[in-house]
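Below is one structure, written out as structure tokens, with a few remarks after it.
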Amino acid sequence: MIKVITYGTYDLLHYGHINLLKRAKALGDYLIVGVTADDFDRERGKINVQQSLMERIENVRATGIADKIIVEEYEGQKIDDIERYGVDIFTVGSDWKGVFDYLKEYCKVVYLDRTEGISSTQLRSERQLMNFGAIGDAPYICKFIKGSRLVDGMNFVGVCATKANSFPKCDREFIVKKPVPQFLESVDAVYIASPVDKHFEHASVALANKKHVLMESPLALTRSECAKLFEDAKANDCVLFESIKTAYSMAYNRLLLLVKAGKIGKVVSVETTCTSLISDDKSDLSAAELKSIYDWGPTALLPVFQILGTDYVSKSIVAGYFDNEQKTDAFTNIRFVYKDAVASVKVGKGVKSEGEMIISGTKGYIYVPAPWWKTEYFEIRYEDSNDNKRFFYQLDNEGINYELVSFYKDVETKTAVPHISKEISLEIAGIMEDFDNGVDLTEIKI
């Protein structure tokens, strides 16, 4: 029996892919197809993959051509697979000619001519162009500008900034000095990174003008305002995405899957900490921009609600304040009691602590070192340390690149599953509202 192996991403499977698979199968008797994993594609700089790994595997399986389908997850796996499966022929498209000649030491290498006139890249590039802009002054807008350049079909047109002097010098050429309603005329979708107390106002205007919205968290500062934004988005057939970059980290998503698969047993506790210091010069920052609960709260709350849900029995909030006129919280601790679990969230903007996350279960626990919100590495730890497992995943541009791809995909198809559910967005806004109204709140001076 002659065994043949080939590899590919197989995104947006088309007849060019199918022709290659048929010709690969014709080289022998048994065809093994390696489908490249998302995180390995990311390592190679390929971030605009539109379909999940499982979707791509099922598309290949549905052709009925492959005798065996495997997942390609790491550099050097091709040699391992050739030896493991006793492969006689490695084959790939002719656009890779010469690249895999090193495999001739292990088996025969055949480069197949590709089908003219079609490719996944071409299919992606032929999609409708989306003009994308930003509203706000946050320094990290420049990371979204960088990320948008890597998404086929996304064209960044400018930033509507209200405090131009605070915007990164390297990107000031993107500043558009127009009122928000006028600026919205030039875009199809907008990223909102204005001060949190302006989120509802800016998003409402954007949605009323039928613009898709990707917005920093929280979406609003009350439950009712947050619900209104979702209603407006639905009424205007617009996409509304909440931007918490952690939600798009490959490592963080794998962590959630492992938790839900019961790898540490039943979860009984989730502890998250997010803190940062701020410069002595606060003259350009509003009271809303100084609050730690606004700045770090949504990120710290995310894993609690995604793992334990939003149906908690009770909560208590302790907020620590410096002696200042604005009375902004420098440190806040929120504790949740669930029917069968507890959670603790600590955030600070002016008080520093270890930014780690610990998820405790009945069989073991997951430890994510600081800064956990930029998850690249985590450990599953057990009573017997010999059973411990470590996980490493590359994080590009803090997850923003994949966030933009997900946003674009949902705008295009309206079928993408959001990484942050509507229920969680509403609960985050509700926590902000309770904090501001003093619900379940104890104040201390630090």
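The values are calculated or read from the model by the stated rules, or taken from the named source; none is laboratory data. Computed from a predicted structure; not experimentally measured. A quick note on method: Cβ atoms are made from the backbone with ideal geometry, for glycine too, and the neighbour counts reach across all protein chains shown.
Go through Asp101, Asp67, Asp88 for me and flag whichever is among the charged types (D, E, K, R), surrounded by 16 or more Cβ atoms within 10 Å (Cβ to Cβ) and at pLDDT 85 or above.
On the way: Asp101 fails: surrounded by 16 or more Cβ atoms within 10 Å (Cβ to Cβ); Asp67 fails: surrounded by 16 or more Cβ atoms within 10 Å (Cβ to Cβ).
Among Asp101, Asp67, Asp88, only Asp88 is among the charged types (D, E, K, R), surrounded by 16 or more Cβ atoms within 10 Å (Cβ to Cβ) and at pLDDT 85 or above.
Output the qualifying pairs, or none if there are none: Cβ atoms under 8 angstrom, residues six or more apart or on different chains, first residue in the range 80-97 and within 16 Å of Leu112 (Cβ to Cβ) and in contact (Cβ under 8 Å) with a residue 12 or more places away in the chain, second residue surrounded by 19 or more Cβ atoms within 10 Å (Cβ to Cβ) and of a type in the set (Phe, Trp, Tyr).
So the pair list comes out as Val92/Tyr7.
Determine which member of the set Lys234, Lys266, Lys260 is within 23 Å of Leu53 (Cβ to Cβ) and charged (D, E, K, R).
Numbers: Lys234 fails: within 23 Å of Leu53 (Cβ to Cβ); Lys266 fails: within 23 Å of Leu53 (Cβ to Cβ).
Selected residue: Lys260, the only one of Lys234, Lys266, Lys260 that is within 23 Å of Leu53 (Cβ to Cβ) and charged (D, E, K, R).
Could you check Glu116 against (1) at pLDDT below 85; (2) surrounded by 11 or more Cβ atoms within 10 Å (Cβ to Cβ) and say which number it fails?
In the conditions (1) at pLDDT below 85; (2) surrounded by 11 or more Cβ atoms within 10 Å (Cβ to Cβ), Glu116 misses (2) alone.
Mind checking whether some residue in the range 275-292 is out of contact with any helix residue (DSSP H, G or I) (no Cβ under 6 Å at 6 or more places or on another chain), among the hydroxyl-bearing types (Ser, Thr, Tyr) and assigned to a strand (DSSP E or B)? Explain how you work it out, then say what you get.
Residues of the range 275-292 out of contact with any helix residue (DSSP H, G or I) (no Cβ under 6 Å at 6 or more places or on another chain): 275-283, 285-287, 289-292.
Subset that is among the hydroxyl-bearing types (Ser, Thr, Tyr): 275-276, 279, 283, 286, 292.
Then drop every residue that is not assigned to a strand (DSSP E or B), which leaves 275-276.
Yes, because at least one residue in the range 275-292 is out of contact with any helix residue (DSSP H, G or I) (no Cβ under 6 Å at 6 or more places or on another chain), among the hydroxyl-bearing types (Ser, Thr, Tyr) and assigned to a strand (DSSP E or B).
For every residue, the table says whether it meets (1) touching a strand residue (DSSP E or B) at 6+ places or on another chain (Cβ under 9 Å); (2) surrounded by 13 or more Cβ atoms within 10 Å (Cβ to Cβ); (3) farther than 30 Å from Arg149 by Cα.
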{"position": "Glu383", "(1), (2), (3)": "yes, no, yes"}
{"position": "Phe392", "(1), (2), (3)": "yes, no, no"}
{"position": "Lys409", "(1), (2), (3)": "no, yes, no"}
{"position": "Glu423", "(1), (2), (3)": "no, no, yes"}
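For the list (1) surrounded by 14 or more Cβ atoms within 10 Å (Cβ to Cβ); (2) modelled with pLDDT of 90 or more; (3) out of contact with any strand residue (DSSP E or B) (no Cβ under 7 Å at 6 or more places or on another chain), I need the number of the one condition that Tyr377 fails.
Tallying (1) surrounded by 14 or more Cβ atoms within 10 Å (Cβ to Cβ); (2) modelled with pLDDT of 90 or more; (3) out of contact with any strand residue (DSSP E or B) (no Cβ under 7 Å at 6 or more places or on another chain), Tyr377 fails exactly one: (3).
From the list Lys228, Lys263, Lys210, pick out the single residue that is more than 24 Å from Asp436 (Cα to Cα), free of Cβ contacts under 8 Å to residues at least 40 places away in the same chain and surrounded by fewer than 21 Cβ atoms within 10 Å (Cβ to Cβ).
Working: Lys228 fails: more than 24 Å from Asp436 (Cα to Cα); Lys263 fails: free of Cβ contacts under 8 Å to residues at least 40 places away in the same chain.
Criteria check complete, one pass: Lys210.
Report yes if Leu240 is over 18 Å from Gly297 (Cβ atoms) and not β-branched (Val, Ile, Thr), otherwise no.
Details: over 18 Å from Gly297 (Cβ atoms): yes; not β-branched (Val, Ile, Thr): yes.
Here the answer is yes, as Leu240 does meet what is asked.
Anything in the range 293-343 that is in contact with a Gly (Cβ under 9 Å, 6 or more places away or on another chain), more than 21 Å from Ala220 (Cβ to Cβ), in a loop (DSSP other than H, G, I, E, B) and in contact (Cβ under 8 Å) with a residue 40 or more places away in the chain? List them, or say none.
Phe322
Any chance the range 346-367 includes a residue that's of a type outside the set (Ser, Thr, Tyr), part of a strand (DSSP E or B) and free of Cβ contacts under 8 Å to residues at least 40 places away in the same chain?
No, that holds for no residue.
Among the numbered criteria (1) crowded, with 21+ Cβ neighbours inside 10 Å; (2) more than 18 Å from Glu433 (Cα to Cα); (3) of a type outside the set (Phe, Trp, Tyr); (4) out of contact with any strand residue (DSSP E or B) (no Cβ under 6 Å at 6 or more places or on another chain), which single criterion is violated by Pro218?
The number of the failed condition is (2).
Among Glu58, Glu75, Glu83, which is assigned to a helix (DSSP H, G or I) and either at pLDDT below 80 or touching a helix residue (DSSP H, G or I) at 6+ places or on another chain (Cβ under 8 Å) (or both)?
Glu58
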